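Peer 1: Structure in structure tokens, see below.
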Amino acid sequence: MKSAVSSSLLFNSKNLFKPNPLSCFTLLNSSFIPKLLSPRSITNHTLKLPSSSTSALRSISTSMASSFNPEKARVPSALPLPAPPLTKFNIGLCQLSVTADKKRNISHAKNAIEEAASKGAKLVLLPEIWNSPYSNDSFPVYAEDIDAGGDASPSTTMLSEVSKRLKITIIGGSIPERVGDRLYNTCCVFGSDGELKAKHRKIHLFDIDIPGKITFMESKTLTAGETPTIVDTDVGRIGIGICYDIRFQELAMIYAARGAHLLCYPGAFNTTTGPLHWELLQRARATDNQLYVATCSPARDSGAGYTAWGHSTLVGPFGEVLATTEHEEDIIIAEIDYSILEQRRSSLPLNKQRRGDLYQLVDIQRLNSK
């Protein structure tokens, strides 16, 4: 099956960036332009330049990129992509059926994780709300005190035991979490030592109303999380979101700027928005940020009060769908190869072309950590 405290990364104040004034474009020399666009230099729609012109163009391109101040497009400046502990490994996406029987759900998830690990998965991802029916009525009943652990949180106790025994990383989908009089939709990440490495509380609550289709208000029972969550694991640096979080590209951009290799979104898109947006959003987040995106959904139960779309998926850094499934219960095993990240970023150097002279993404958490 699949894997999931707030961000455990610490940032040195020396890495923080203070915004500088806007800078201007470097203009092409007008005497150079005709040489580039001369009809004799164009054959079969291909621009051919003499070596001197090519060298000059590269010099101007570099100068323009410098004047754009791409390092200032992210505040603080983006961190370099760290060297991952593993370059290649298998991820397991466990699309599970969920029932009203909590003990059964926990046992079923445990079996799925073990099966995924037996097939070579070093990282396992579970669905959103896999120990409970997805409903406002169920959240308070199935909620657990994760921090207390033990009998107060049988779902995470199982995840800790299995991750340690199998020596794998688990991003434990999400479960309802109780903290005092508040409830959260929470994803727990367990390392291969069985320790809780991070806990992400869903930041963007699913409050929608599509007339004649679906109305759901998570905010009736749940409280929104306050912290983006990125965590270093045995299988790389991972940014965590839950379902509706995937619609907000700023969160993914913050994770990319913090050096994430992979974004994981346990989710339960519905049959109204799922066909339109589920794959689209995954591919967009991967393409925009040039990293891997993995999602995991519950299997579809047409008789449930909330019907999940399914279609758990792994997307590569060029937006390519590497593995997916339909809506039935399934376990997907797919390979992640981090060496591709630098290749893709070299071929399409977005990080060097961002317009820091025109816009900025501000990571409030990092900025305030000074």
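The values are calculated or read from the model by the stated rules, or taken from the named source; none is laboratory data. Small disclaimer: the values here were computed from a predicted structure and weren't measured. Positions of Cβ are backbone-derived with ideal geometry, glycine not excepted, and every protein chain shown enters the neighbour counts. When the accessible area is computed, the model is the full protein with side chains, heavy atoms only, and any ligands, DNA or RNA have been set aside. Shrake-Rupley method; radii C 1.70, N 1.55, O 1.52, S 1.80 Å.
Peer 1: For S219, what accessible surface area do you get with a 1.4 Å probe? Give it in Å², rounded to 10.
Peer 2: Looks like 60 Å² after rounding.
Peer 1: Can you give the net charge of the other residues whose Cβ lies under 11 Å from the Cβ of G191, counting K and R as +1 and D and E as -1? Kindly include the intermediate steps, with their values, before the conclusion.
Peer 2: Numbers: positive: K164, K167, K197; negative: D193, E195, D232, D234.
Result for the neighbourhood of G191: -1.
Peer 1: Past 29 Å, Cα to Cα: identify those pairs from K72/K167; K119/K164; K119/K352; K202/K352, in the order given. Write down the numbers at each step before the final one.
Peer 2: Values: K72/K167 40 Å; K119/K164 17 Å; K119/K352 39 Å; K202/K352 31 Å.
Pairs exceeding 29 Å: K72/K167; K119/K352; K202/K352.
Peer 1: For segment 165-250, compute Rh as the Kirkwood radius over C-alpha pairs and then the Stokes-Einstein diffusion coefficient at 4 °C and 1.567 mPa s; write the answer in µm²/s, rounded to an integer. Write down the numbers at each step before the final one.
Peer 2: Details: Rh = 14.2 Å.
Using the Kirkwood radius from Cα pairs, D works out to 92 µm²/s.
Peer 1: Here is a follow-up. Please compute P(r) over all alpha-carbon pairs of segment 214-370, binned at 5 Å starting from zero, and give each bin as a whole-number percent.
Peer 2: Final binned percentages: 2, 8, 16, 20, 19, 15, 10, 5, 2, 1, 0.
Peer 1: So if we plug the beta-carbon distance of E335 and K220 into 1/(1 + (r/R0)^6) with R0 = 41 Å, what FRET efficiency do we get, rounded to 0.05?
Peer 2: Details: r = 41 Å, r/R0 = 1.00.
E between E335 and K220, to the nearest 0.05, is 0.50.
Peer 1: Report the dimensions of segment 105-235 along its three principal axes from the alpha-carbon atoms, largest first, rounded to Å.
Peer 2: Taking max minus min along each principal axis of the Cα atoms, segment 105-235 gives 45, 32, 27 Å.
Peer 1: While we're looking at this one, here's another question. Treat each spin label as a single point 7 Å out from the Cα along the C-beta direction, and report the R182 to S118 distance in nm.
Peer 2: 4.1 nm
Peer 1: I need the phi-derived Karplus couplings for segment 156-166: 6.51 cos²θ - 1.76 cosθ + 1.60, θ = phi - 60°, integer Hz, Gly and Pro marked x.
Peer 2: For segment 156-166, the Karplus curve yields 6, 4, 5, 4, 5, 5, 5, 4, 5, 5, 8 Hz.
Peer 1: What Kirkwood radius, in Å to one decimal, follows from the Cα pairs of segment 127-175?
Peer 2: On the way: mean 1/r = 0.0869 Å⁻¹.
When all Cα pairs of segment 127-175 are included, the Kirkwood radius is 11.5 Å.
Peer 1: Give me the log10 of I(q) over I(0) for segment 73-181 at q = 0.17, 0.22 Å⁻¹, as the Debye formula computes it from C-alpha points; what are the numbers?
Peer 2: -0.82, -1.13
Peer 1: Grab the other residues whose beta carbon is less than 12 angstrom from that of T233, score K and R as +1, D and E as -1, and report the net. Walk me through the intermediate numbers first.
Peer 2: Numbers: positive: K122, K197, R237; negative: D193, E195, D232, D234.
Here the count lands on -1.
Peer 1: Using Cα-Cα distances under 8 Å and only pairs 6 or more residues apart, what relative contact order does segment 294-370 have, in percent?
Peer 2: Relative contact order, segment 294-370: 19 percent.
Peer 1: Provide the net charge surrounding K88, with neighbours chosen by a C-beta distance below 15 Å and charges set as Lys +1, Arg +1, Asp -1, Glu -1. Please list the in-between numbers first.
Peer 2: Details: positive: K122; negative: D234, E335, D337, E342.
Counting the neighbours of K88, the net charge comes to -3.
Peer 1: Still on this structure, I have one more. When the chain is fully extended, how far beyond the present Cα-Cα distance does E195 get from F318, taking 0.36 nm per residue of separation?
Peer 2: Numbers: separation 123, 0.36 × 123 = 44.28 nm, distance 3.29 nm.
The span from E195 to F318 would gain 41.0 nm if fully extended.
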